[in-house]
Amino acid sequence: MTKDKRTLKDLNLMDKFLFDEAMEDKDNMKTLLDIVLGQDTHLKYPPQTEKEFRNSKENRQIRLDVYAIDEDDVVYDTEPPKTISFKSAKGTM
């Protein structure tokens, strides 16, 4: 099974490649978190893509798509959406 190759101009933030590239930029990641969370986020380090954490006891690992940590040591794992929904989030919490 082969995937069709697309040009960069045909990509959007739902594409994992472009999402990861855009979110590696600290300012882009901060802006995304600020908008989604509705607060002012201050990242401690630049975001990292495909960050792996290994559990040495059981030799298991997890992979975070885009990993970031803020000044309060809150860890964020972001990933591009699989689909776009235009439903209102009002009243869902």
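With a cut-off of 12 Å between beta carbons, the residues surrounding residue 31 carry a summed charge of -2, where Lys and Arg count +1 and Asp and Glu -1. Taking 0.36 nm per intervening residue step and subtracting the Cα-Cα distance, what contour gain separates residue 15 from residue 72 on full extension? Between residue 15 and residue 72, full extension yields 17.5 nm more.
Between residue 27 and residue 60, what is the FRET efficiency for a Förster distance of 25 Å, r being their Cβ-Cβ separation, to the nearest 0.05? Using R0 = 25 Å, I get an efficiency of 0.15.
Values quoted throughout were computed directly from the atomic coordinates according to the rules given, and no laboratory measurement underlies them. Given the structure is predicted, the values throughout are model-derived calculations rather than measurements. Counting neighbours? That spans all protein chains shown, and the Cβs are built from the backbone with ideal geometry, glycine included.
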